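Single-structure report; data block below.
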Amino acid sequence: MARAGRRGSGRARTDPGTQRRQTTRPTEQGIIPVLAEVAGQVDRAVQRPPMRPADRTKFQVVALLVREERARVKADKDLSESRRTQQLKRLDGVATQLAKTAARDTSLLQLLAEEARVSDAALAYKATLMRAGGLEPPEELAPVEKAAPAPSAAPKVVPRSVISRQLANPFLAPDYEAAAQRTATQARRLAGWELLDPLFNSFERAATGAPACMTLPEPRRVPTPAGRELMPHQAQVVAATITGHRTFLLADEPGLGKTAQALLAAQAADAYPLLVVVPNVVKTNWAHEVGLWTPFRRSTVVHGDGDRMDGFADVVIVNYELLDRHVGWLGDHGFRGMVVDEAHFIKNKSSQRSQHVLALSERIRERVARPLMMALTGTPLINDIEDFRAIWQFLGWIDDSKPLGPLMTALEETGLTPADPGFYAAARASVIDMGIVRRRKVDVVADIPARRVADLPVELDGAVGRSIRAAEAALAAQMVARYRSAVDVRSGGAGEDEIDDELVRRVAAAELKDSSSKAGGENVFTMVRRIGQAKAGLAADYAAQLARNVGKVVFFAKHIDVMDQAEQTFADRGIRYASIRGEQTTRTRNKNIAAFVDDPDVQIVVCSLTAAGVGLNLQVASNLVLAELSWTHAEQTQAIDRIHRIGQDEPVTAWRIIAAQTIDSKIAELIDAKSGLAARALDGAGDEDVTSSTDVQLETLVGLLTDALAAEGVS
């Protein structure tokens, strides 16, 4: 290409749009040498200020083509891995040259901003360079029109501070090892075998009697801020990171300090910038923990459109609900690690939050060979063993159809197939070695007292109690009628003497479906709510009694009206209380938490089971009242672990208020039985029969119908 404007040449600089015939083609073919030649021209021009508009146009066009060519090379399936790596390395060389040029004249960075205009002259010059490099430009290179954004509940945004960071460093440092490590593992012996289902099943079929936990190194001394010290079990995870481990399903029981382990693991792996995805209620707490455990690292919390966030921070904290709005720039931010807190939130792979989390994890792995990926959850299994699926995929252990990389290699090396008896134990061990870390409080922390759940049966007297029992009987009669109608059709009206368990389940499932779809009328959900309302006063009375006898008490309820009634009871008795609800602002929430923790006169905190079940440290109390039952054991456990945490120095008791002679008792039994699944899968529990996909709502109706049929004499 003609070198316009050489010192002493006497030539006038020409406009890029008129240079096609003057372009000197490099001896090497392809677009990359063309781009390198023009990048050199621009760099020389910057060293001879002032810059001319034509040189600024060249800079913009070369930068655009570098980006496009990088994307094309990555997507070209015909290229060998070695050729692809070579091409990307050469493109990175051009990008480095442009970055050096921009460092000399920072005004050039404005040409790379999203909103930067691409002139007609730039478009024409782009076509010229593409032809010079042997590429066919589009049929027309008219002014760029931005495509309309895809429909979404929230507009996609890029915070201003993120744009500033991109302008300061528009070319991320490449990690060439990432391309080499993305080569697929060739399944030889196991080719053609379905492996994912056997992997999931291995956690039910191959319980060993010990917790599912990888072999961890001995704890080593980890530098921590003054006044803070890791416990040995926490230091083991950091030690594993120091020795090179990079993927963890950290499934310690709640209260064992997973946040500190994740932050110090990120520091050990130098996994910055680090992306942390969390439930909304714990965003502020995560930023606080960053300041406590890694005070030399800056954190930022994304709120709304991110107007107040710091794009240069080391740790970016965002809640699940905001991912849709920010997923675009998050994917391009250059993260070298990602932590997903309360990872069971992504168990439904079809949900938007799960898809965003999985997409972001994949974008990180595309750029970084061995990023730090951590899934944190004290309750990894909610209803089914396949709740593992999305978490394993986030960690990069599997994709939609097969194990990946090291996990596939480990399965190959077992020498077994799913048809062999020993496969399930070997497969379970292989997955655990990928990074499952599960410790129970009783196993690793001697100074954390054991907790207990004490059921307190209460009678629902008077008209309210009679009404609830009548509604329950009416629901049972309705299902009995459905059941008998089906039996009559099948038997021709002769009836049957034995209960058909399969038919009972079908009738219960039909009732549950109707209950979920009907806007009004009595059903299992309205009955549970009415039971909660009926128990509210009794539960509040007991909490007030506890507060007077033992000190501070945490009161959990599921419905707002139950919370309202309890708070009125406390006010009537002259008991000061604080309240934590979902609709509160972060400021109000933190103020109320501080009042309960720090003010000795605030005796009770009234908490929403859904809004306050995670992310709170309320160990100033050792007694908790569960006024309403949850549908899952996991939710109940999360609530109890607000007080059963590191720092608790008294025995913990959760008082569960149960409405006797109602389906409340059945629900309590079922959610207790539900704990067996997590115990069997992760804690190596015994050989008792545990149904992994038990649905408490369905089983409640099954029990109600079975009892009603038995009462009528059907055996």
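State the number of residues belonging to region 635-646 that are crowded, with 24+ Cβ neighbours inside 10 Å and either of a type in the set (Phe, Trp, Tyr) or under 19 Å from Leu698 (Cβ atoms) (or both).
The total comes to 1.
Quick one: which residue in Pro217, Pro198 is modelled with pLDDT of 85 or more, touching a Ser or Thr at 6+ places or on another chain (Cβ under 8 Å) and either of a type in the set (A, V, I, L, M) or over 17 Å from Gly405 (Cβ atoms) (or both)?
Every option except Pro217 fails the conditions.
Would you mind stating whether Lys283 is of a type in the set (Lys, Arg) and touching a Leu at 6+ places or on another chain (Cβ under 8 Å)?
Against the criterion (of a type in the set (Lys, Arg) and touching a Leu at 6+ places or on another chain (Cβ under 8 Å)), Lys283 does not qualify.
Kindly indicate whether Asp120 is among the acidic types (Asp, Glu), surrounded by 19 or more Cβ atoms within 10 Å (Cβ to Cβ) and more than 33 Å from the chain's Cα centre (by Cα).
no
Is it the case, given these coordinates, that Arg370 is among the charged types (D, E, K, R), touching an Asp or Glu at 6+ places or on another chain (Cβ under 8 Å) and closer than 27 Å to Phe296 by Cα?
The answer is yes for Arg370.
Report, ordered by the first and then the second residue, all pairs with beta carbons closer than 7 Å, sequence separation of six or more or different chains, a first member in region 53-64 that is within 17 Å of Thr96 (Cβ to Cβ) and in the same structural domain as Val42 (by TED's automatic domain parsing), and a second member that is part of a helix (DSSP H, G or I) and of a type in the set (D, E, K, R).
Leu64/Lys126
One residue is enough: does region 340-349 have a residue meeting the conditions crowded, with 20+ Cβ neighbours inside 10 Å and among the polar types (S, T, N, Q)?
Scanning region 340-349 turns up no residue that is crowded, with 20+ Cβ neighbours inside 10 Å and among the polar types (S, T, N, Q).
Give me a count of the residues in region 535-551 that are surrounded by fewer than 21 Cβ atoms within 10 Å (Cβ to Cβ) and in contact with a helix residue (DSSP H, G or I) (Cβ under 9 Å, 6 or more places away or on another chain).
Total satisfying the criteria: 2.
Suppose we filter Val453, Val489 for residues that are in contact with a strand residue (DSSP E or B) (Cβ under 6 Å, 6 or more places away or on another chain), at pLDDT 80 or above and either not in a helix (DSSP H, G or I) or not charged (D, E, K, R) (or both); which single one remains?
Exactly one residue qualifies, and that residue is Val453.
Among all residue pairs at least 6 apart or on different chains, which show Cβ distances below 7 Å where the first residue, located in region 106-121, is closer than 20 Å to Val162 by Cβ and the second is at pLDDT 75 or above and among the small types (Gly, Ala, Ser)?
Listed pairs, sorted by first residue: Leu108/Ala102; Leu109/Ala102; Leu112/Ala63.
Count, please, the residues in region 366-379 that happen to be surrounded by 17 or more Cβ atoms within 10 Å (Cβ to Cβ) and either free of Cβ contacts under 8 Å to residues at least 60 places away in the same chain or more than 14 Å from the chain's Cα centre (by Cα) (or both).
5
Give the residue, chosen from Leu64, Leu111, that is surrounded by 15 or more Cβ atoms within 10 Å (Cβ to Cβ) and modelled with pLDDT of 85 or more.
Leu64
Scan region 288-307 and give yes if some residue there is buried (at least 19 other Cβ atoms within 10 Å of the Cβ), among the aromatic types (Phe, Trp, Tyr) and in contact (Cβ under 8 Å) with a residue 40 or more places away in the chain, otherwise no.
Checked region 288-307: at least one residue is buried (at least 19 other Cβ atoms within 10 Å of the Cβ), among the aromatic types (Phe, Trp, Tyr) and in contact (Cβ under 8 Å) with a residue 40 or more places away in the chain.
Where residues in region 417-450 are over 30 Å from Ala191 (Cβ atoms), at pLDDT 75 or above and charged (D, E, K, R), which of them is surrounded by the most Cβ atoms within 10 Å (Cβ to Cβ)?
Among those that are over 30 Å from Ala191 (Cβ atoms), at pLDDT 75 or above and charged (D, E, K, R), it is Arg438.
Examine region 70-82 for a residue that is buried (at least 17 other Cβ atoms within 10 Å of the Cβ) and of a type in the set (A, V, I, L, M, F, W, C), and state whether such a residue exists.
yes
Filter region 344-374 down to the residues that are in a helix (DSSP H, G or I), at pLDDT 90 or above and of a type in the set (A, V, I, L, M, F, W, C), then identify the one that is nearest to Val238 (Cα to Cα).
Ile364
Can you tell me which residue within region 78-105, out of those that are in a helix (DSSP H, G or I), without any contact (Cβ under 8 Å) to a residue 24 or more places away in the chain and under 37 Å from the mean Cα position of the chain (by Cα), is nearest to Val62 (Cα to Cα)?
Checked region 78-105; the qualifying residue nearest to Val62 (Cα to Cα) is Gln86.
Is there a residue in region 580-602 that is surrounded by fewer than 22 Cβ atoms within 10 Å (Cβ to Cβ) and touching a Phe, Trp or Tyr at 6+ places or on another chain (Cβ under 6 Å)?
Taking every residue of region 580-602 in turn, at least one turns out to be surrounded by fewer than 22 Cβ atoms within 10 Å (Cβ to Cβ) and touching a Phe, Trp or Tyr at 6+ places or on another chain (Cβ under 6 Å).
Scanning region 411-427 for residues that are outside any loop (DSSP other than H, G, I, E, B) and out of contact with any Leu (no Cβ under 8 Å at 6 or more places or on another chain), which turns out nearest to Ala207 (Cα to Cα)?
Within region 411-427, the match that is nearest to Ala207 (Cα to Cα) is Ala425.
Hey, does region 212-226 have a residue that's under 18 Å from Leu395 (Cβ atoms), assigned by TED's automatic domain parsing to the domain that holds Asp400, part of a helix (DSSP H, G or I) and in contact (Cβ under 8 Å) with a residue 12 or more places away in the chain?
no
Could you tell me which of the residues Glu669, Glu650, Glu628 is crowded, with 22+ Cβ neighbours inside 10 Å and charged (D, E, K, R)?
Exactly one residue qualifies, and that residue is Glu628.
The values are calculated or read from the model by the stated rules, or taken from the named source; none is laboratory data. Note that the coordinates shown come from a computational prediction; the quantities given were computed from them, not determined experimentally. Here the Cβ is made from the backbone with ideal geometry for all residues, glycine too, and neighbour counts use every protein chain on show.
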